[in-house]
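Student: Sending over a structure as structure tokens; questions will come in a sec.
The values are calculated or read from the model by the stated rules, or taken from the named source; none is laboratory data. None of these values were measured; they are calculated from a predicted model. A quick note on method: Cβ atoms are made from the backbone with ideal geometry, for glycine too, and the neighbour counts reach across all protein chains shown. What goes into the accessible areas is simple: the full protein's heavy atoms, side chains included, and nothing from ligands, DNA or RNA. Shrake-Rupley method; radii C 1.70, N 1.55, O 1.52, S 1.80 Å.
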Amino acid sequence: DLFLVDETGTFHRGDILGLPTTQYLNIEAAALPISSNDAVLQFLEEQGIRYKTTRIGSPYVIEAMNSLGEEGALVAAWEVNGGYLLGSDIELNKKTLKQLPTRDALLPIVCALLQAIVQNKTISQLFAEYPKRYTQAGMLDDFPQADSDKITKLLQDSEQAKKAIREVTAGAEGYVELDRIDTTDGARMIFVNNDIMHIRSSGNAPQLRVYSNADSQARADDIVHQSIQEPDGILRKLQTYVQRPDR
């Protein structure tokens, strides 16, 4: 995974690192996976940059990037791990930066440094202008695919999802009413306080993954911890819930 460490020792993840890259290259449209920090989406909206969110995986991101490129925009894409792709040739300083149809790890680091120079800011000051949202991720092993499928199907129904989440988070600290769910890839649950808990099957192993977004790192960490805690965390409670004949 790609990180940039600023002069204060703070790590900036690959999905956020895509923002100064996009700014420096004057990108007009972008594609990125739904698991990205939602601070990225907030900033793109603020800057008027069109974007598409996709299922997790390079083929989906590349397909969306190519689709946006067909509309004539300067287009790019990137992933949570920091790999950056260009769907257009970019003119910079009377020279052409050719399309990068595969993920590149060096370009976002160089562009972030150049963007800081252009704005006469330190790296920490540059990243301070982006929305403050924090993320974490975790995984639960020994989780049958059949149960993952049942959970995903359950959470696609808004009313059933609200009922189930209300029950399995009862007594867990910090949880409020579920607002909406994005089912682009798994179930990305957005609560009324903007906390996010994103549940997704591994797809190639008996594992269930969880990603979080929150307004503090402590809360993002807590969402994941409460989700994967054994033996009675939120994901195990959901597993029991979908197996109940009376639900």
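Student: Go through region 79-94 and give me each residue that's of a type in the set (A, V, I, L, M, F, W, C) and touching a residue at least 60 places away in the same chain (Cβ under 8 Å).
Tutor: Our first condition is that a residue be of a type in the set (A, V, I, L, M, F, W, C); within region 79-94, this holds for 80, 85-86, 90, 92.
If the condition is that a residue be of a type in the set (A, V, I, L, M, F, W, C) and touching a residue at least 60 places away in the same chain (Cβ under 8 Å), then VAL80, LEU86, ILE90, LEU92 are the ones that fit.
Student: Answer yes or no: is there a residue in region 67-84 that is farther than 19 Å from PHE3 by Cβ, among the hydrophobic types (A, V, I, L, M, F, W, C) and open to solvent by 50 Å² or more (accessible area, probe 1.4 Å).
Tutor: Yes, region 67-84 has at least one match.
Student: A follow-up question, please. Condition test on HIS198, is it in contact (Cβ under 8 Å) with a residue 60 or more places away in the chain and open to solvent by 10 Å² or more (accessible area, probe 1.4 Å)?
Tutor: Values: in contact (Cβ under 8 Å) with a residue 60 or more places away in the chain: yes; open to solvent by 10 Å² or more (accessible area, probe 1.4 Å): no.
No, not satisfied.
Student: Under the condition of being in contact (Cβ under 8 Å) with a residue 12 or more places away in the chain and among the acidic types (Asp, Glu), which residue from region 27-45 is most open to solvent (accessible area, probe 1.4 Å)? So that I can check it myself, show each step before the final result.
Tutor: The initial filter retains those residues of region 27-45 that are in contact (Cβ under 8 Å) with a residue 12 or more places away in the chain, namely 27-44.
Restricting the remaining residues to those that are among the acidic types (Asp, Glu) gives 28, 38.
On the way: GLU28: 91, ASP38: 24 Å².
Ranking the candidates gives GLU28 first.
Student: Residues in region 69-86: is at least one of a type in the set (S, T, N, Q), closer than 15 Å to ARG103 by Cβ, assigned to a helix (DSSP H, G or I) and at pLDDT below 95? It would help to see each step written out before you state the result.
Tutor: First, the residues of region 69-86 that are of a type in the set (S, T, N, Q): 81.
Among the residues that remain, those that are also closer than 15 Å to ARG103 by Cβ are: 81.
In the following step, the residues that additionally are assigned to a helix (DSSP H, G or I) were identified as none.
No, there is no match, as no residue in region 69-86 is of a type in the set (S, T, N, Q), closer than 15 Å to ARG103 by Cβ, assigned to a helix (DSSP H, G or I) and at pLDDT below 95.
Student: Kindly indicate the residue of region 9-26 that is aliphatic (A, V, I, L, M) and touching a Phe, Trp or Tyr at 6+ places or on another chain (Cβ under 9 Å) and also most open to solvent (accessible area, probe 1.4 Å) among those meeting that condition. Even if it seems obvious, please write down each step before you answer.
Tutor: Restricting attention to region 9-26, the residues satisfying the condition of being aliphatic (A, V, I, L, M) are 16-17, 19, 25.
Narrowing the set further to residues that are touching a Phe, Trp or Tyr at 6+ places or on another chain (Cβ under 9 Å) leaves 16-17, 19.
Values: ILE16: 23, LEU17: 1, LEU19: 1 Å².
My answer is ILE16.
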